[in-house]
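The values are calculated or read from the model by the stated rules, or taken from the named source; none is laboratory data. What you are looking at is a predicted structure, and each value in this text was computed from that prediction instead of being measured. Note that each Cβ is placed from the backbone with ideal geometry, even for glycine, and that neighbours are counted across all protein chains shown. Areas reflect the complete protein model, heavy atoms only, side chains present, ligands, DNA and RNA absent. Shrake-Rupley method; radii C 1.70, N 1.55, O 1.52, S 1.80 Å.
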Amino acid sequence: MPLAIVTGANRGLGLGTAEALARKGYRVWLTGRDAAHTEQAASALRQQKLDVHAAALDVTSPAGVGAFAERMVGEPPIDALVNNAGASFKGFDAKVAADTLEINYRGAARVTDALFSKLAASASIVMVSSGMGELSNLAPELQERLLAPDLSREDIEGIAEEFLSAVSRGAPAAAGFPSNAYSVSKALMNAFTRVLARELAGSARRVNSVCPGWVKTRMGGSGAPRSLEQGVSGIVWAATLDRGGPSGGLFRDAKPIGW
């Protein structure tokens, strides 16, 4: 039985993805910051005879992520890792910017690195991204840097710090950034996907970013045009790619889209 881990899975896209993977025969670990809500979500799926398990996981906590990785030592290799945990906060200031990047970009990188040694030989890693991370939202100089073929993790982190510094000074536009922390966090997540894909080159492991579109969830709101099922389908497609499938891309509805 293949094993999948889905972060931020106590509701919305994460929960929908976890359920869809479980129905495909995966043993699924649902993780979420709130232990009680995550267990409640898992319990509801277990009542449907699905093989799901719950664990509290705060992706912003190195110690918490490390503890979860230790908990996975007794599990089989991970066939699908879905980095879905994310947040979009109201307002825009230095704290909002820092919190958003810590969850959406650094959290995904932190979980991936902590679980890397547990990944199966042909594992699929999915970064749940957004069209709001399009590079067109950034100044041309930043776009060029993030698209550089020799982009490194250190380069991405440097740009993240530039953004946070610019926001703390009250001058993100002057530094080439939009006044939207969510947008920047997803652009950085996408950049991390490309760097990780280079690191995985030569192996059967794959990593891709997926934009589910604007979906009817608590984050997306009731006015969103896409159903939960539509959003989930592209994530599940990327999580269940066959050996030799694409890596290092950005997809929506299983079709490549521009950065």
Item to check | the range 149-169, residues that are among the aliphatic types (A, V, I, L, M) and open to solvent by 10 Å² or more (accessible area, probe 1.4 Å) | outcome: 164, 167
Next on the checklist: Could you tell me how many of the residues in the range 13-42 are in contact with a helix residue (DSSP H, G or I) (Cβ under 8 Å, 6 or more places away or on another chain) and closer than 17 Å to residue 237 by Cα?
Outcome noted: 11
Next on the checklist: Please go through (1) part of a helix (DSSP H, G or I); (2) crowded, with 16+ Cβ neighbours inside 10 Å; (3) at pLDDT below 95 for residue 73 and return the number of the only condition it doesn't satisfy.
Outcome noted: (2)
Next on the checklist: Looking only at the range 18-31, how many residues end up being crowded, with 20+ Cβ neighbours inside 10 Å and of a type outside the set (A, V, I, L, M, F, W, C)?
Outcome noted: 3
Checklist entry - If a residue has to be assigned to a loop (DSSP other than H, G, I, E, B) and either at pLDDT 95 or above or on the phi < 0 side of the Ramachandran plot (or both) to count, how many in the range 196-235 make the cut? => result 17
Checklist entry - Can you name the condition, by its number, that residue 146 falls short on among (1) within 19 Å of the chain's Cα centre (by Cα); (2) surrounded by fewer than 18 Cβ atoms within 10 Å (Cβ to Cβ); (3) over 23 Å from residue 21 (Cβ atoms)? => result (2)
Item to check | Residue selected from the range 32-70 under the condition assigned to a helix (DSSP H, G or I) and polar (S, T, N, Q), by the criterion surrounded by the fewest Cβ atoms within 10 Å (Cβ to Cβ) | outcome: 43
Item to check | Matching option when the condition is surrounded by fewer than 22 Cβ atoms within 10 Å (Cβ to Cβ), of a type outside the set (A, V, I, L, M, F, W, C) and modelled with pLDDT under 95, among 90, 118 | outcome: 90
Checklist entry - What number goes with the only condition from (1) within 26 Å of residue 234 (Cα to Cα); (2) open to solvent by less than 40 Å² (accessible area, probe 1.4 Å); (3) not small (Gly, Ala, Ser) that residue 96 does not pass? => result (1)
Item to check | Condition check for residue 81: aliphatic (A, V, I, L, M), over 14 Å from residue 108 (Cα atoms) and surrounded by 18 or more Cβ atoms within 10 Å (Cβ to Cβ) | outcome: no
Checklist entry - Listed residues 179, 183; which is at pLDDT 90 or above, open to solvent by 60 Å² or more (accessible area, probe 1.4 Å) and of a type in the set (S, T, N, Q)? => result 179
Checklist entry - Here are 113, 58: which of them is in contact (Cβ under 8 Å) with a residue 24 or more places away in the chain and acidic (Asp, Glu)? => result 58
Next on the checklist: Tell me the residue from 81, 30 that is within 16 Å of the chain's Cα centre (by Cα) and in contact (Cβ under 8 Å) with a residue 60 or more places away in the chain, please.
Outcome noted: 81
Checklist entry - Does at least one position in the range 165-181 carry a residue that is touching a Ser or Thr at 6+ places or on another chain (Cβ under 6 Å) and within 26 Å of residue 252 (Cα to Cα)? => result yes
Item to check | Checking residue 134 against (1) touching a residue at least 24 places away in the same chain (Cβ under 8 Å); (2) open to solvent by less than 70 Å² (accessible area, probe 1.4 Å); (3) touching a Phe, Trp or Tyr at 6+ places or on another chain (Cβ under 9 Å), the condition it does not meet | outcome: (2)
